[in-house]
Amino acid sequence: MDQLKDKVAIVTGGGSGFGEGIVRLFAKEGAKVVIADINEQAASRVASSIGSSALAMKTDVTSRADIDKLVAATLENFGSVDIVVNNAAITHKNQPMLDVDEAMFDRVFNTNVKSIYLMTQATVPVMRKQGKGVILNIGSTAGIRPRPGLSWYNASKGAVNVLSKSMAVELAPENIRVNSICPVMGVTGMFELFMGLPDTPENRAKFQSTIPMGRFCQPSDVAAAALYLASDAAEFITGVELPVDGGRTI
């Protein structure tokens, strides 16, 4: 199957977790993928396992210079930017809201929200020139049905979810679609921080019990949703806030 044949996709945070799942499925479906990750080793590992249709770029998504370099390299190597997946994100540890210091607050908002501002500045002009494009922002169930202890992270993901709808309505006349995918927590690098507790079977069971379908989100779940929304099958779908959550937000 080649649902993304001849498409070029940038995936931030593509070296691990949900991002890696998206990269691998997009490549399998015929896309050329640019893996942007602050962890150069992780990005290179994923790129080398895919081959010549993948490019690894060490990228700090909070840096305008890095984003500009990323987009320039994508155009130079592959000739277009058809799909952007804004997936890179961080969280503070699950804790009382007053215990999160200002530096951590700034890191969360710069990584989760400002990064989308910077990427939009760099890629929307390219998409306008092409006459089409797809932007997928990885939001979170945290922005729909927040858990206590993650207040500032929840706020950043609420911003991502609303921003996606606002971008969608503004860019729709130019054939640029914008959607938000909202996963429930998964066993990725941020898992222990989300729980704010040691990763024990008992603590996992406590959080898993809040998800009606009885398991955590997997990279393949998010990748499948991203594939549909990025593909031409979803050509009339924009401004959607799609929970991938086993019923958590109901």
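The values are calculated or read from the model by the stated rules, or taken from the named source; none is laboratory data. All values reported here derive from a predicted model rather than from experimental measurement. Here the Cβ positions follow ideal geometry from the backbone for every residue, glycine too, while neighbour counts run over all protein chains shown.
Condition test on E40, is it acidic (D, E) and surrounded by 18 or more Cβ atoms within 10 Å (Cβ to Cβ)? Spelling it out, it is not the case that E40 is acidic (D, E) and surrounded by 18 or more Cβ atoms within 10 Å (Cβ to Cβ). Of the residues in region 44-66, not one is touching a residue at least 60 places away in the same chain (Cβ under 8 Å) and closer than 23 Å to R177 by Cα. When I237, I250, I211 are checked against the criterion of being under 27 Å from A31 (Cα atoms) and assigned to a loop (DSSP other than H, G, I, E, B), I237 stands alone in meeting it. Counting only residues that are in contact with a Leu (Cβ under 9 Å, 6 or more places away or on another chain) and in contact (Cβ under 8 Å) with a residue 60 or more places away in the chain, which one in region 12-30 is surrounded by the fewest Cβ atoms within 10 Å (Cβ to Cβ)? Looking at the filtered set, the residue picked out is E29. For region 124-139, the criterion of being within 30 Å of D101 (Cβ to Cβ) and in contact with a Cys (Cβ under 6 Å, 6 or more places away or on another chain) is met by at least one residue.
Taking the criterion of being touching a strand residue (DSSP E or B) at 6+ places or on another chain (Cβ under 6 Å), surrounded by fewer than 24 Cβ atoms within 10 Å (Cβ to Cβ) and farther than 28 Å from D199 by Cβ, the residues of region 153-170 that qualify are M167, A168. Among the residues of this structure, E241 counts as one that is crowded, with 16+ Cβ neighbours inside 10 Å, at pLDDT 95 or above and among the acidic types (D, E).
Search region 189-216 for residues that are more than 16 Å from R147 (Cα to Cα) and pair each with any residue that is in a loop (DSSP other than H, G, I, E, B) and not acidic (D, E) when their beta-carbon atoms are under 9 Å apart and the residues are at least 6 apart or on different chains. Sorted first by the residue in region 189-216, then by its partner, the pairs are G189/S16; D199/V187; M213/G246; M213/G247; M213/R248; G214/G246; R215/G246.
Every residue, every condition in (1) at pLDDT 95 or above; (2) under 19 Å from the mean Cα position of the chain (by Cα); (3) among the acidic types (D, E), yes or no:
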position: A103; (1), (2), (3): yes, no, no
position: V113; (1), (2), (3): yes, yes, no
position: I116; (1), (2), (3): yes, yes, no
position: P125; (1), (2), (3): yes, no, no
position: N137; (1), (2), (3): yes, yes, no
position: K157; (1), (2), (3): yes, yes, no
position: G186; (1), (2), (3): no, yes, no
position: M190; (1), (2), (3): no, yes, no
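Looking at E192, is it of a type in the set (D, E, K, R) and either crowded, with 21+ Cβ neighbours inside 10 Å or more than 17 Å from A89 (Cα to Cα) (or both)? Please lay out each step first, then the result.
Details: of a type in the set (D, E, K, R): yes; either crowded, with 21+ Cβ neighbours inside 10 Å or more than 17 Å from A89 (Cα to Cα) (or both): no.
Judged against the criteria, E192 is not a match.
Restricting attention to region 218-234, the residues that are more than 14 Å from I135 (Cβ to Cβ) and either acidic (D, E) or under 12 Å from the mean Cα position of the chain (by Cα) (or both) add up to 6.
Is it the case, given these coordinates, that N94 is within 15 Å of S115 (Cβ to Cβ), touching a Phe, Trp or Tyr at 6+ places or on another chain (Cβ under 8 Å) and polar (S, T, N, Q)? Taking the combined requirement at face value, the residue does not satisfy it.
Could you list, in sequence order, the residues of region 1-11 that are within 13 Å of A226 (Cα to Cα), in contact with a Gly (Cβ under 9 Å, 6 or more places away or on another chain) and buried (at least 22 other Cβ atoms within 10 Å of the Cβ)? I'd like the intermediate steps shown before the answer.
Quick first cut of region 1-11, residues within 13 Å of A226 (Cα to Cα) only: 3-4, 9-11.
Subsequent filtering for residues that are in contact with a Gly (Cβ under 9 Å, 6 or more places away or on another chain) retains 3-4, 11.
Within region 1-11, L4, V11 meet the criteria.
Rundown of residues vs (1) more than 13 Å from the chain's Cα centre (by Cα); (2) over 14 Å from N87 (Cα atoms); (3) among the aliphatic types (A, V, I, L, M), yes/no style:
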site: V11; (1), (2), (3): no, no, yes
site: D37; (1), (2), (3): no, no, no
site: E40; (1), (2), (3): yes, yes, no
site: S49; (1), (2), (3): yes, yes, no
site: M57; (1), (2), (3): yes, yes, yes
